[in-house]
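Bear in mind that the values in this text are calculations on the coordinates, not laboratory data. This one's a predicted model, so the numbers in the text were calculated from it and none came from an experiment. Cβ placement follows ideal geometry from the backbone for every residue including glycine, while neighbour counts extend to all protein chains displayed.
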Number of protein chains: 2
Amino acid sequence: MAVARLTDSEREELLRRHPEWSLVRDGDAIQRTFRFADFNEAFGFMTRVALLADKADHHPEWSNVYNRVEIVLTTHDAGGLSRRDAEMAKAIDAL
Amino acid sequence: MAVARLTDSEREELLRRHPEWSLVRDGDAIQRTFRFADFNEAFGFMTRVALLADKADHHPEWSNVYNRVEIVLTTHDAGGLSRRDAEMAKAIDAL
């Protein structure tokens, strides 16, 4: 399903609402790193994100090393950031 | 817990037993990429690996993009590959 790329002002709004995310890939994606007490806690978080992502059919690019989880959000169909990334960042931040 | 680094011949044995893994990081780690039908299947596999890893207290460095999971195994305490990586590769291959 095609989805519109965010305008510059929408992108600024996204970053203002979610200040712990940073722009990466020339502004076409956002990234946030999460740190937990241990692997158990990190993977528990990943499981919660996986359920959100699969329900929204919008999947992160992510990596995990022990207690650290790095999440990148972008919308390939939009060639950059879309409202789907804004919604996913909001849902992840709410966990 | 300190663990011995594999000797050259033990490392060759590891690669012979687990031919789908390749040496990376100047021979100090092994890597394998897995592809699945979709995210649901990929994350299901990750969950099984997470349970194995946490039980063994030996955690992968890994990333996921939709249906693809890339796993890197190394033993920081050994400064390279150890029997713990060989055991984890074996356990993962057996899933």
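Laid out as a table, the results:
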{"item": "Over region A:44-95: Rg over Rh, Cα atoms, Kirkwood Rh", "result": "0.96"}
{"item": "Nearest beta-carbon to the A/B symmetry axis - residue in chain A, distance in Å", "result": "A:63, 2"}
{"item": "Label spacing, shortest first and in nm, from residue A:48 to its equivalents in the remaining copies (7 angstrom along Cα→Cβ)", "result": "2.7"}
{"item": "Integer Hz, Karplus 6.51/-1.76/1.60 couplings in order for region B:47-63, x for Gly and Pro", "result": "5, 5, 5, 4, 5, 4, 5, 6, 5, 7, 6, 9, 9, x, 9, 8, 9"}
{"item": "Highest to lowest packing among B:11-21, A:59-69, scored as the average C-beta count within 10 Å", "result": "A:59-69, B:11-21"}
{"item": "Built amide H within the under 5 Å cut-off of residue B:80, gap 5+", "result": "B:75"}
{"item": "All-pairs Cα distance distribution in the protein assembly as shown, expressed in whole percent, bin size 5 Å", "result": "1, 7, 16, 18, 17, 13, 10, 8, 5, 3, 1, 0"}
{"item": "Karplus (6.51, -1.76, 1.60) ³J(HN,Hα), θ = phi - 60°, over region B:14-29, in Hz, Gly and Pro reported as x", "result": "4, 5, 5, 6, 10, x, 8, 9, 10, 6, 9, 6, 6, x, 8, 8"}
{"item": "Copies compared at residue A:94 - label distances in nm, ascending, label defined 7 Å from Cα in the Cβ direction", "result": "4.2"}
{"item": "Where only alpha carbons of chain B are counted, the Rg and the Dmax (Å)", "result": "13.0, 39"}
{"item": "Chain lengthening between residue A:67 and residue A:47 when straightened (0.36 nm per residue, less Cα-Cα)", "result": "5.8 nm"}
{"item": "Average partner coverage of B:57-64, which counts Cβ from other chains inside 10 Å", "result": "5"}
{"item": "Length-normalised contact order of chain B in % [C-alpha pairs under 8 Å, at least 6 apart]", "result": "36"}
{"item": "Shielding of A:24-32 by partner chains, average beta-carbon count, 10 Å", "result": "0"}
{"item": "Using a Förster distance of 45 Å, the FRET efficiency for residue A:55-residue B:2 (Cβ separation, nearest 0.05)", "result": "0.55"}
{"item": "Residues with amide H under 5 Å from that of residue B:24, placed H, sequence gap 5 or more", "result": "B:29, B:30, B:31"}
